[in-house]
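Peer 1: This is the structure, below, for whatever I ask next.
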Amino acid sequence: MAEFAIILVSTILVNNFVLVQFLGLCPFMGVSNKLETAIGMGGATTFVLTLASICAYLVNTYLLAPFGLEYLRTIAFILVIAVVVQFAKMFIEKTSPLLYRVLGVFLPLITTNCAVLGVALQNTNKAHNFIESTFYGFGAALGFSLVLVLFSALRERLAVADVPEPFQGAAIAMITAGLMSLAFMGFGGLV
Amino acid sequence: MTELLNSDFSPLIIALFVLGGLALVFGAILGFAAVKYKVEGDPIVEQLDSLLPQTQCGQCGHPGCRPYAEGIANGEEINKCPPGGQETINAIAGLLGVDAPELDAEHGTEAELPTVAYIREDECIGCTKCIQACPMDAILGAAKQMHTVIVDECTGCDLCVEPCPVDCIDMIEVGTTLRSWKWQLPEPLEKISHMNESIIATDAPKAGGQAS
């Protein structure tokens, strides 16, 4: 059990996918204007990332590895992610209209989120087993949601702050992201 | 599987089959899901909703634009939307294939130009009645404090004018500014051909074909 806790802490804080590994920066900058949408995006990403890392593990272990086709990982994982996202979207739309209204617009965006592919590829590189892969994906998603929510809360405050004119808008957002990244470097060496 | 591995197939062919098979299975899953999890939507409501002005002003008697769109889909009159005005009525009539009625005056009159509410602040007594009436949360203020209107949020729906006990709210027209200015599009082709009919003297044959 301690092993899984270490994986979670490592993916959420130490090797945070956004601020330390710089994956998934597009939604990090794009969907962080409002706290509400950031929470929606975080929820959708958590859902998809966990599911996608499970499916990618299964495809890699039971389909690619027996045939010695590991070199096709990237393209196979892209296929897996796209299908998982699309299927999840249809399933949610039918079974839970409320959840669909919250997550719906974000689901197609996640298809092109490179953190999802990054997690799947790192799982195979680090030779994680099934449960480790699941936790790794889940932790990465939690870390992504955490910084997305933190960053959007900061940006909501920044919107009403007295920012000097040359720094307004995207410029101050970039600087904030950089400072957050510096802050997260402080977790280095924790695990 | 072991047979396949030991056979003389070139790795390329195996790769093709594996990836192709994967794609085929996924395609089948998605196709199945599309049929199994099909969501019944009412496209006419969506279309009507997109024609309405989305001011959510409630002057039609519904709590917002989408409920009114559902009402229209169930056979309600289409002339209850003052913010949209005649233009919206015509668009809805075109969509539903019915004659366009005049705007129903019972629900309010069409503003000639887009307006926003303006509170004469030295007369405001801070009763918060207009704040409660505003469907857009565009009025800022607290009890016994002077109120003011957030111009960007105000849709000009008039609803705050009525409840004000001291009549200190004016509807003022929004002039064209650099932010709201739009390029004037040329007249649609139908209107131009319609205009041609009122020409008095021409040697061109009439649209009916007979040369006069």
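Peer 1: Filter segment B:67-91 for residues that are free of Cβ contacts under 8 Å to residues at least 24 places away in the same chain, part of a loop (DSSP other than H, G, I, E, B) and of a type in the set (Gly, Ala, Ser) and give the result.
Peer 2: Step one: of segment B:67-91, the residues free of Cβ contacts under 8 Å to residues at least 24 places away in the same chain are B:67-68, B:71, B:74-76, B:78, B:87, B:89-90.
Among the residues that remain, those that are also part of a loop (DSSP other than H, G, I, E, B) are: B:74-76, B:78.
Passing the criteria: only B:GLY75.
Peer 1: Here is a follow-up. I want to confirm something. Restricting to segment A:79-106 and keeping residues that are among the aromatic types (Phe, Trp, Tyr) and either under 16 Å from A:ALA52 (Cβ atoms) or at the interface with another protein chain (Cβ under 8 Å from one of its Cβ atoms) (or both), which single residue is surrounded by the most Cβ atoms within 10 Å (Cβ to Cβ)?
Peer 2: Initially, segment A:79-106 is screened for residues among the aromatic types (Phe, Trp, Tyr), giving A:87, A:91, A:100, A:106.
Then keep just the ones that are either under 16 Å from A:ALA52 (Cβ atoms) or at the interface with another protein chain (Cβ under 8 Å from one of its Cβ atoms) (or both); that gives A:87, A:91, A:106.
On the way: A:PHE87: 19, A:PHE91: 14, A:PHE106: 22.
Among those residues, the one meeting the criterion is A:PHE106.
Peer 1: In this structure, does B:PRO53 turn out to be surrounded by 15 or more Cβ atoms within 10 Å (Cβ to Cβ) and outside any helix (DSSP H, G or I)?
Peer 2: The answer is yes for B:PRO53.
One line per residue, one yes/no per condition, for (1) outside the structural domain of B:ASP49 (by TED's automatic domain parsing); (2) touching a strand residue (DSSP E or B) at 6+ places or on another chain (Cβ under 6 Å):
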| site | (1), (2) |
| --- | --- |
| B:ALA69 | no, no |
| B:ASN79 | no, no |
| B:PRO83 | no, no |
| B:GLU87 | no, no |
| B:ALA91 | no, no |
| B:GLY94 | no, no |
| B:ILE119 | yes, yes |
| B:MET136 | yes, no |
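Peer 1: Still on this structure, I have one more. Here is a list: A:ALA56, A:ALA76, A:ALA52. Which entry is under 12 Å from A:LEU121 (Cβ atoms) and either in contact with a His (Cβ under 7 Å, 6 or more places away or on another chain) or facing chain B (nearest Cβ under 7 Å) (or both)?
Peer 2: A:ALA76
Peer 1: Considering each residue of segment A:24-39, count those that are surrounded by fewer than 21 Cβ atoms within 10 Å (Cβ to Cβ) and either at pLDDT 90 or above or closer than 28 Å to A:ALA76 by Cα (or both), and give that number.
Peer 2: Qualifying residue count, segment A:24-39: 4.
Peer 1: Within segment A:127-144, can one find any residue that is of a type in the set (D, E, K, R) and outside any loop (DSSP other than H, G, I, E, B)? Walk me through it before giving the result.
Peer 2: Step one: of segment A:127-144, the residues of a type in the set (D, E, K, R) are A:132.
Adding the requirement that they be outside any loop (DSSP other than H, G, I, E, B) leaves A:132.
Checked against the condition, which is being of a type in the set (D, E, K, R) and outside any loop (DSSP other than H, G, I, E, B), segment A:127-144 yields at least one hit.
Peer 1: Follow-up. I'm trying to understand the selection: among the residues of segment B:151-183, which are within 24 Å of B:CYS81 (Cβ to Cβ) and exposed (fewer than 10 other Cβ atoms within 10 Å of the Cβ)?
Peer 2: B:ASP152, B:SER180, B:LYS182 - these are the residues of segment B:151-183 that are within 24 Å of B:CYS81 (Cβ to Cβ) and exposed (fewer than 10 other Cβ atoms within 10 Å of the Cβ).
Peer 1: Another one. Count, please, the residues in segment B:128-142 that happen to be out of contact with any His (no Cβ under 6 Å at 6 or more places or on another chain), closer than 14 Å to B:VAL116 by Cβ and not in a loop (DSSP other than H, G, I, E, B).
Peer 2: Selection size over segment B:128-142: 2.
Peer 1: Sticking with this structure for a sec: Within segment A:59-66, is even one residue under 18 Å from A:ALA141 (Cα atoms) and either at the interface with another protein chain (Cβ under 8 Å from one of its Cβ atoms) or under 17 Å from the mean Cα position of the chain (by Cα) (or both)? Talk me through it step by step, then tell me what you get.
Peer 2: Filtering segment A:59-66 down to residues under 18 Å from A:ALA141 (Cα atoms) leaves none.
Scanning segment A:59-66 turns up no residue that is under 18 Å from A:ALA141 (Cα atoms) and either at the interface with another protein chain (Cβ under 8 Å from one of its Cβ atoms) or under 17 Å from the mean Cα position of the chain (by Cα) (or both).
Per-residue answers, yes or no, for (1) among the charged types (D, E, K, R); (2) modelled with pLDDT of 75 or more:
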| position | (1), (2) |
| --- | --- |
| B:CYS157 | no, yes |
| B:ILE172 | no, yes |
| B:LYS182 | yes, yes |
| B:HIS194 | no, no |
| B:ILE200 | no, no |
| B:ALA204 | no, no |
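Peer 1: For segment A:121-143, which positions are small (Gly, Ala, Ser) and under 11 Å from the mean Cα position of the chain (by Cα)?
Peer 2: Matches in segment A:121-143: A:GLY137, A:GLY139, A:ALA140, A:ALA141, A:GLY143.
The values are calculated or read from the model by the stated rules, or taken from the named source; none is laboratory data. Just so you know, these numbers come straight off a predicted model, no measurement behind them. All Cβ positions, glycine included, derive from the backbone under ideal geometry; neighbour counts span all protein chains shown.
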